[in-house]
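Below is one structure, written out as structure tokens; comments come after it.
We did not get these values from a lab; they are worked out from the coordinates using the rules stated. Given the structure is predicted, the values throughout are model-derived calculations rather than measurements. Note that each Cβ is placed from the backbone with ideal geometry, even for glycine, and that neighbours are counted across all protein chains shown.
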Amino acid sequence: MMKKQMLAAMSAAVLGAFALNAWAAPAVPMGAHHAKMKCETCHTKDNAVKGNAFVPPSDKTCEGCHGSYAALAKKTAGGSEPNPHYSAHYGESLSCSACHRQHEKPQSYCNNCHDFRHKMP
Ligand code: HEC
Ligand code: HEC
Ligand code: HEC
Ligand code: HEC
């Protein structure tokens with residue numbers, strides 16, 4: 001437990017340092033948009049792993065409401081550069097929750113290696 005809390009504090013410090021140049025705060029975080037949704041809307045039986053539905057939901061769950069990667073890429077063209085929904089490395093294989101988060105601070109997965117100004121909702 002102790003170890004987990006320390007790790008959380010450490011990663012918060014790292015995120016804090018990063019925030020200045022690589023992570024711009026969104027006007028409204030994704031979690032707030034979804035606040036009124038039932039847990040089961042995302043944590044479906046289909047997504048469950050070994051009977052536990054509370055695992056990060058599959059991309060299909062998100063795409064059911066928001067459309068495909070291709071459709072999203074069109075929507076976000078001309079926004080945060082490079083387009084987060086069109087990746088030369090990953091195609092459509094990167095999961096939505098690699099960047100978007102419902103219960104914690106979102107982070108552009110790309111910035112594990114790059115320093116893009118991705119404004120994460
Ligand atoms: C049942 C439908 C539904 C599901 C499932 C759902 N969303 Fe949403 N989401 C919405 C609605 C409605 C909004 C409010 C804004 C809008 O209409 O786009 C929203 C907002 C968002 C926003 C903020 C958009 C903005 O313009 O700021 C993001 C990002 C997002 N969702 C991503 C996801 C991801 C990732 C998942 C899967 C983990 C997901 N959504 C699952 C319906 C859904
Ligand atoms: C590499 C990180 C990354 C991944 C992976 C990713 N997104 Fe995004 N998403 C972003 C960023 C950054 C924005 C903000 C773009 C902007 O406003 O310019 C965004 C914006 C959005 C929006 C708001 C679009 C609008 O109307 O402006 C929705 C909805 C969304 N993402 C859903 C998804 C879904 C669903 C998936 C998986 C299929 C996904 N995203 C995968 C980074 C990501
Ligand atoms: C819009 C979709 C959405 C809704 C609604 C939602 N979640 Fe989540 N949940 C996620 C995503 C995406 C993750 C992955 C981590 C994150 O985004 O914070 C997650 C992760 C989790 C986890 C951790 C799983 C793990 O293996 O790390 C738990 C526990 C959880 N959610 C519980 C809940 C509960 C309880 C509710 C209802 C109050 C709820 N969620 C509503 C999308 C959702
Ligand atoms: C594991 C590390 C890693 C991750 C994660 C990563 N990249 Fe890269 N990327 C690289 C490397 C290495 C290069 C090639 C060297 C260079 O040109 O900087 C590159 C090059 C690129 C280029 C062409 C060169 C440039 O800088 O313009 C683009 C565009 C790009 N990446 C976009 C993305 C996007 C979008 C994401 C997230 C969806 C992403 N990358 C995630 C490592 C990564």
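Odds and ends about this structure:
- A simple spin-label model places pseudo-atoms 7 Å from Cα toward Cβ; at Glu104 and Glu63 they are separated by 2.5 nm.
- Each Lys or Arg adds one and each Asp or Glu takes one away; over the other residues whose Cβ falls under 15 Å from the Cβ of Tyr69, this sums to 0.
- Net charge dipole size for the stretch 67-121 [Lys, Arg +1 and Asp, Glu -1 on Cβ; Debye, nearest 20]: 180
- For the stretch 47-64, the Karplus equation 6.51 cos²θ - 1.76 cosθ + 1.60, evaluated at θ = phi - 60°, returns couplings of 7, 4, 10, 6, x, 9, 7, 8, 10, x, x, 6, 4, 4, 4, 5, 5, x Hz by residue, with Gly and Pro reported as x.
- Sequence-distant aspartates and glutamates (8 or more away, or on other chains) whose Cα lies within less than 20 Å of Lys75: Asp59, Glu63, Glu92
- Summing Cβ point charges (Lys, Arg +1; Asp, Glu -1) relative to the Cα centre of the stretch 22-112 gives a dipole of roughly 220 debye.
- Spin-label model distance (nm) - Ser93 vs Phe54, 7 Å beyond Cα toward Cβ: 3.2
- 3J(HN,Hα) along the stretch 81-88: 9, x, 3, x, 9, 9, 10, 4 Hz, from the Karplus curve 6.51 cos²θ - 1.76 cosθ + 1.60 with θ = phi - 60°, whole Hz, x for Gly and Pro.
- Extension gain for the segment Asn83 to Ala70, taken as residue separation times 0.36 nm less the Cα-Cα distance, is 3.6 nm to one decimal.
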